[in-house]
Amino acid sequence: MRQAAAGPDTAAREVPAPGGPPAHEPAAGPLSIAFLGDANSIHLRRWAGHFAGLGHRITLLVPSDQVLEPGLPPEIAIERYMPHTAHRFRRFGMLDTRRSLRAALTRVDPDVLHAHHLTVNGMRAWMSGFHPYVITVWGSDVLVSVRRSRRARIFARLSLRSADLVTGISRHVVRAAVAAGARSERSHWLHFGIDTALFSPGPDPIALRASLGLDGRRVLFSPRTIAPVYRQATVVDALARLPQDVSLVLTRHLADPTELAAIEARIHDRGLAGRVVIVPSVPYAEMPDFYRLADVVVSVPESDAGPITLVEALAVGRSTVCSDLPPVREWLDDLDPSAVVPVGDAGATAAAVERMLARGPAEQADFARRGRRAVEERADQNRCMAQMEAFYRQLAARGRPRRPGEA
């Protein structure tokens, strides 16, 4: 089993290697990387697609019962394994999953195994016995799920403690991972990264504005999905306190049906039907224009590991109003503390939006410039993935790992 060397206590450091110097210089050629995660997640697809585009051999390990949505880059291979949920008896199913996953890893023979999301996938990486493996915690997995039962805490600790590297999208979730069992010297803050060429300042999307009936309107864009955790009711209540020329754009993408019905009823009850536009799912490539459409971007969930929507808004140069959460503070304490509001406080949200709308051109331009610079330094996709590639190479260079089933 390849072990990462111990180092100083750096539970939230950004760039350093996951331990001391490698046993020998990392190879410069293509790596074989296997990912365990939701193969339909846009974030995992972007991550895997980035490394496939660099010429690395990428394999997604996918449960045999998962239906893949279209759009997966053709250069990414798929290797199926049997999930424990497919077995009638869960305890025996876990053993079958272990055997099935080991067999899949033997066929793929990766240099590194990378599990995205601690719950289930991190546990399966640990169960496989493969090393080196990486766990990237996403948020609710380490902030919520591990607290629900003693069993979840035990599996989380085993999975994190044994991991050769643990990463998280914010310092807050990395600290939570260390508290749940990850070794601090193997734990690093590393953003998922956004495409700063795509998410960039640009002209007003006149055609989009006209198609949504927003000509002559000031616009709030709340990009989070309509689900209880994202507190869209707070945004609607805030809108009711704002001037009549302010409209709100929401998206139905992955909306919770019950919450969507409640939000639509709330909009009707407050007489806001003419001021709210709920669009269907927005293609990723079209998202920047929705940010450019907005005068203010609002994101006020009750829980968040590291709001990518906030970073996308900053990259485009838009003012933001966000919930007072630790990962949000990591960005806005330096940029604009007045943009942070208490969770569920519609009055404070409306007041913060009004402050943003009242900014003059010079003040807004200064904020846009500082926000864009922060994103380029801390969350540019190419920079973040280059750091991740360095981690992969250093892990792979520490000598041949023990493969599943080897003595």
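Just so you know, all these numbers are worked out from the coordinates, no wet-lab data involved. It should be emphasised that the depicted structure is a prediction, and the values quoted were computed from it without experimental measurement. Every residue, glycine among them, receives a Cβ derived from its backbone with ideal geometry; neighbour counts consider all protein chains shown.
Each Cα pair under 8 Å and six or more residues apart adds its sequence gap; the mean of these over the residue count of the chain is a relative contact order of 19 percent. Distance between the modelled labels on Arg147 and Asp333, one decimal in nanometres: 2.0 nm (7 Å Cα→Cβ projection).
By the helix-only formula, in which each DSSP H run with n ≥ 4 contributes -39500 (n - 2.57) and the sum is divided by residues, the chain has a 222 nm mean residue ellipticity of -12000 deg cm²/dmol. Across segment 72-217, the relative contact order, built from alpha-carbon pairs under 8 Å that are at least six residues apart, equals 15 percent. Here segment 44-153 is treated with +1 on each Lys and Arg Cβ and -1 on each Asp and Glu Cβ, and its dipole about the Cα centre works out to around 720 debye. Comparing Cα centroids, segment 221-295 and segment 39-84 end up 31 angstrom apart.
Evaluated with a Cβ-only charge set (Lys, Arg +1; Asp, Glu -1), segment 200-251 carries a dipole of roughly 140 debye about its Cα centre, given to the nearest 20. Neighbours of Thr196 by Cβ distance under 10 Å: Lys/Arg scored +1, Asp/Glu scored -1, total -2.
Placing +1 on the Cβ of every Lys and Arg and -1 on the Cβ of every Asp and Glu, with nothing else charged, gives the chain a dipole about its Cα centre of roughly 1700 debye. Take every Cα pair under 8 Å whose residues are at least 6 apart in sequence, average their separation, divide by the length of segment 206-378, and the relative contact order is 23 percent.
State the Kirkwood hydrodynamic radius of segment 206-378 in Å, one decimal place, computed from all pairs of distinct Cα atoms.
On the way: mean 1/r = 0.0625 Å⁻¹.
Value: 16.0 Å, from the Cα pair sum.
Which residue, Ser247, Leu208, Ala177, has the largest displacement toward the positive end of the dipole of segment 170-294 when charges sit on each Cβ (Lys, Arg +1; Asp, Glu -1)? Checking the options against the dipole of segment 170-294, the answer is Ala177.
Arranged from fewest to most other beta-carbon atoms within 10 Å of their beta carbon, Arg124, Arg373, Arg378, Arg355 become Arg373, Arg355, Arg378, Arg124.
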